[in-house]
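Just so you know, all these numbers are worked out from the coordinates, no wet-lab data involved. None of the values given here were measured: they were computed from a predicted structure. Every residue, glycine as well, gets a Cβ built from its backbone with ideal geometry; the counts of neighbours run over all protein chains shown.
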Amino acid sequence: MKKFILLSVFCIIVTNVFAQTDFTQLWKEGRDAYNAKNYAVAYAKLGEYLKQTNSQDSAIAYCIGVSAYKLKKYNEAISFFDIAIKKNFNVGNAYAQKAFALKAQKKMEEYVSTLESGLKADPDNATLIKNYALYNLKTGLAAQKAGKNDVAEASYKKVIVLNDKKSKTDALYSLGVLCYNDGADILKKATPLSTSDADKYAAEKTKADARFKEAVDYLEEAAKVSPERNDIKTMLTQVKDAME
């Protein structure tokens, strides 16, 4: 009986040694494949490694997420980036990569909400800022062209709070132009009233002047952020002339 017990213990030890060897080998092969951008091998090897660690290695989960994204396994990529996010590993970039996987599937509402969640967790992440700003600037421009100024204005305002010089300047300039055009449109429609209804004309002119003042404020802020931009100075002069 004693010999049997000793033999059993010996077998368990040997098995564990081989398992540990395989475990380490998976990590090495997966890491090397990932660094060589062989994402198919990296996905397989690191995925198996992660299973053996009960999904506890957040750095490996992030690498598998990148590999899955490169292989266009978008849902799988999202699940691995979620592990990294949950474990607070490389959070800003994990959110950004998750957002890209959602965008690749044309899930735009989830894409935007993921960027927003990422910015709350990592407000200075350049990738998140760039993509969130670009989305809102494009949305604002499209809305403005369609005559949906309220939507455009809301979109631009989401950008001016971001910590990025170019995006902030572009959004402030766009808001300035939008407010100016709005004021000019109000004034144009009110012009016939100047001879037929002086009081109503005065009320409409007050509205127009308020929009012109908003335009000036936005453009002056844009000029502070990017004093080198001549288009801002030109637009600012035009708005001020309209207010006289």
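Per-residue counts of other Cβ atoms within 10 Å, averaged by peptide: what ranking do you get for 67-78, 223-234, highest first?
Descending mean neighbour count gives 67-78, 223-234.
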| said: Taking the Cα centre as origin and putting +1 on Lys and Arg beta-carbons and -1 on Asp and Glu beta-carbons, what dipole magnitude results for segment 25-111, to the nearest 20 debye? | reply: 180 debye
| Pairs beyond 29 Å (Cα-Cα), from 158/207; 106/207; 87/166 | 106/207; 87/166
| Cα-based Rg and Dmax for segment 25-111, where Dmax is the largest Cα-Cα distance (Å) | 12.2, 41
| note | Amide H proximity to residue 164 below 5 Å, modelled H, separation 5+ or other chain, gives none
| request: Quote the charge dipole size of the chain about the Cα centre in Debye, to the nearest 20; the model charges only the Cβ of Lys and Arg (+1) and of Asp and Glu (-1). | output: 1100 debye
| Selection from 239, 225, 202, by position along the positive dipole direction of the chain (Cβ) | 225
| remark: Along segment 199-207, Karplus-curve 3J(HN,Hα) (6.51, -1.76, 1.60; θ = phi - 60°) to the nearest Hz, with x for Gly and Pro, reads 5, 5, 4, 4, 5, 5, 5, 4, 4
| Around residue 186, what is the net charge, scoring Lys/Arg as +1 and Asp/Glu as -1 over all other residues with Cβ under 11 Å from its Cβ? | +1
| task | Please report the relative contact order for the chain, taking Cα pairs under 8 Å with a sequence separation of at least 6, and give it as a percent rounded to a whole number. | result | 9 percent
| remark: Applied in sequence order to segment 150-166, the curve 6.51 cos²θ - 1.76 cosθ + 1.60 (Karplus, θ = phi - 60°) yields integer Hz couplings, x standing for Gly and Pro, of 5, 5, 4, 4, 5, 5, 4, 5, 6, 8, 5, 8, 7, 8, 8, 4, 5
| Along the three principal axes, how long is the chain when you take its alpha carbons, biggest first, rounded to the nearest angstrom? | 115, 33, 28
| request: List, in the order given, every pair from 138/205; 145/189; 86/120; 145/233 whose Cα-Cα distance in the structure shown is over 21 Å. | output: 138/205; 145/233
| message | Using only the alpha-carbon atoms, what does segment 123-244 span along each of its principal axes? Please give whole angstrom values in decreasing order. | response | 56, 28, 19
| task | Specify the angular offset, from 0 to 90 degrees and rounded to the nearest 10, of the alpha carbon long axis of helix 2-35 from the longest principal axis of the alpha carbons in the chain. | result | 30 degrees
| field | Summed side-chain charge close to residue 225 - residues other than residue 225 whose Cβ falls under 12 Å, Lys, Arg +1, Asp, Glu -1 | value | 0
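Residues with beta-carbon under 12 Å from that of residue 69, excluding residue 69: net charge, scoring Lys, Arg +1 and Asp, Glu -1? Intermediate values should be presented prior to the final figure.
Working: positive: 70, 72, 73, 98, 103; negative: 76.
Overall, the nearby charge balance is +4.
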| query | Residue by residue through segment 131-143, which ³J(HN,Hα) values in whole Hz follow from phi under the Karplus form 6.51 cos²θ - 1.76 cosθ + 1.60 (θ = phi - 60°), with glycine and proline marked x? | reply | 6, 5, 5, 4, 4, 6, 5, 5, 4, x, 5, 5, 5
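Please label the shape of segment 67-124 as rounded, prolate or oblate, based on the square roots a ≥ b ≥ c of the eigenvalues of the alpha-carbon gyration tensor (a/c under 1.5 means rounded; beyond that, a/b larger than b/c means prolate, else oblate).
oblate
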